[in-house]
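Remarks on the structure that follows.
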Amino acid sequence: MDIHVATTAANAVAADAVVVGIFKGSRTDGFEGPAAALDAALGGAFAAMRRDGELAGGAQETTVVHTLGKLETPRVVLVGLGPRKDLSFEILRRAAAAGCRAARRAGARHVALALWRPELAHLGIGATHAGEAMAEGALYGLYEFKKYKSNHESNGDNGKRVEQITLLGEDEAALRHGSERGRVIGEAVNFCRDLGNEPPNVLTPTELANRSRAMAETYGLECEILEREQMQELGMGCLLGVAQGSAQPPKFIILRYQGDPGGAPGLALVGKGITFDTGGISIKPAANMEEMKMDMCGAAAVIAAMQAIAGLKPKINVTALAPATENMPGGNAYRPGDILRAMNGKTVEIVNTDAEGRLVLADALSYARAHHLSPIVDAATLTGAIVIALGNVRAGIFANDDDLARQIQEIGEEVGERFWTMPMDNDYDELIKSDVADVRQSVIRREAGSIGAARILGRFAEGAPWAHLDIAAVNDFGSARPYADKGASGIPVRTFVTLAERLAK
Ligand code: BES
Ligand code: MN
Ligand code: ZN
């Protein structure tokens, strides 16, 4: 996708559609900015529509108006921005996304976005920020995963594609600067979504490793893939235990970005990479099991975040660790009752083979500690319990460091990936006591399932500031939204990238 910046006025641009923003207003309210200019050029058409109860300006509401030869552009897409006082980066990002989607539905190939002007800077959004929000939103909104559809007719969009985006505005240099960052982040987020959406027969641990290696070559990152024998040498008994029921070989994916050569080992981003979770011997019910192809979204997020970090070049060292395997009930599968030993020497009593994520993470966190990486942040579609607690609106943060948790939650609010910090009292350890091993694999009586899982992870991250993001549910949109197709969401790529930048010198 080409993204350009131009200072052309909205009523003079020769795009197939121009997207303008309108704030929430009543039937008698006028418009401002490009919407007002276009309304005047169209003889008050928008004002008339508003009097009739249309164009109320609710966030992400879109209306396509044909200009019948009166303007350079054949159509205007009016997109709601919600109440003026609530304008934010996220509102702008979603407006760009929803506007582009509406323009594509109307058949536009070249879409111009006129969503920002300098008068809006006092609402807290400058030109650079606006350029970023619009570019990222456009890429985000236009994303679709249709590669396995044989013909366009069955796509629902008749094969319509947007090929060019032009951001309109006065401060050209700032808009361009911001849009470049938005493109880097947007492309990384969409890479994450592609990995999440791929079917599990295609995206095996081997394929995830291959795509990581290809990305690393393109973006100049170091990539190391540990094979089963190397995991054995390192004593990664928990990851190997999960992997032993699958015919697919496990891969331990390592990506390194050296932004501060000679500096501290730096940030570790750790992601759960279960390319399919059947539950193993403690097998899951059949209903919705296909959703477990996305049990590698934590891994996808850390791999994709590295792509954006390589593009943005913050002054910090960052290592991504993605333990990848299937969780299958093969003849050699691990069993409830087994005791596994992680790389850091601690033993885990297995009680339910469906609690596999914490096991693969145990070895990855041990690896991060052995390499003195700090802080450590992991993302995992870890527990059904967090889906019950927070739904698909917010992801849970669990941390051994309050400052790190606060920083992540704050960044999340800014970039539009929402989190909520959950309790981590020592008292919860009552739930994960084992009579035979150092720790029990999952809580007794299903109490506080997400906290118990996080407390287990904490045993392997011990000694470093660490935060765990339980992204089960928010990793997948389930159904389409005005600003996004259904499928993988790309959360929390933007938080990871922004965190790396904030921790940089
Ligand atoms: N991958 C699942 C968690 C999950 C559930 C993700 C729903 C997305 C949507 C995880 O491996 C799992 O199965 N967790 C179990 C743990 C239990 C057996 C202790 C759960 O939460 O039910
Ligand atoms: Mn599971
Ligand atoms: Zn799982």
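The values are calculated or read from the model by the stated rules, or taken from the named source; none is laboratory data. Remember, it's a predicted structure, so these values are computed and weren't measured experimentally. With ideal geometry, Cβ positions are generated from the backbone for all residues, glycine too; neighbour counts draw on all protein chains shown. Only protein heavy atoms, including side chains, enter the accessible area calculation; ligands, DNA and RNA are left aside. Shrake-Rupley method; radii C 1.70, N 1.55, O 1.52, S 1.80 Å.
Table for the structure above
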quantity: Mean Cβ count within 10 Å, highest first, over the residues of peptides 278-285, 102-109; calculated: 102-109, 278-285
quantity: Cα coordinate range in the chain, projected on the principal axes (Å, largest first); calculated: 80, 49, 42
quantity: All lysines inside 22 Å of Lys272 as judged from Cα atoms, apart from same-chain residues fewer than 8 positions distant; calculated: Lys251, Lys284, Lys293, Lys346, Lys486
quantity: Distance between modelled label sites at Asp2 and Arg256, nm, 7 Å Cα→Cβ extension; calculated: 4.0 nm
quantity: 1.4 Å probe accessible area per residue over segment 372-505, in Å²; calculated: 40 Å²
quantity: Under 26 Å from the Cα of Lys85 - lysines, other chains or at least 8 residues apart; calculated: Lys24
quantity: Share of carbon and sulfur in the accessible heavy-atom surface of segment 345-468 [1.4 Å probe, %]; calculated: 46 percent
quantity: Carbon and sulfur %, accessible surface of segment 172-292 computed with the full protein complex present, 1.4 Å; calculated: 52 percent
quantity: Selected from Pro482, Phe460, Ser450, residue furthest toward positive end of dipole (segment 394-499; charges at beta carbon); calculated: Pro482
quantity: Considering only the chain, percent of DSSP beta bridges that pair antiparallel, nearest 5; calculated: 40 percent
quantity: Accessible surface of Glu229 - all protein chains present, 1.4 Å probe, nearest 10 Å²; calculated: 110 Å²
quantity: Carbon + sulfur, % of accessible area of segment 1-106 - ligands and nucleic acids excluded, 1.4 Å; calculated: 48 percent
quantity: The chain: relative contact order as a whole-number percent, Cα under 8 Å and 6+ apart; calculated: 14 percent
quantity: Between segment 374-444 and segment 35-68, the alpha-carbon center distance in angstrom; calculated: 46 Å
quantity: Karplus 3J(HN,Hα) series, Hz, for segment 80-88 with 6.51 cos²θ - 1.76 cosθ + 1.60 (x for Gly, Pro); calculated: x, 10, x, x, 3, 5, 9, 3, 8
quantity: Mean accessible surface per residue for segment 110-251, computed with a 1.4 Å probe while every protein chain stays in place, in Å²; calculated: 40 Å²
quantity: Charge dipole (the chain, unit charges on Cβ, about Cα centre) - positive-most of His110, Pro250, Ala48; calculated: Ala48
quantity: Rounded to the nearest 20 debye, dipole of segment 256-328 from Cβ charges on Lys, Arg, Asp, Glu; calculated: 320 debye
quantity: Radius of gyration, Dmax [segment 283-442; alpha carbons; angstrom]; calculated: 17.0, 49
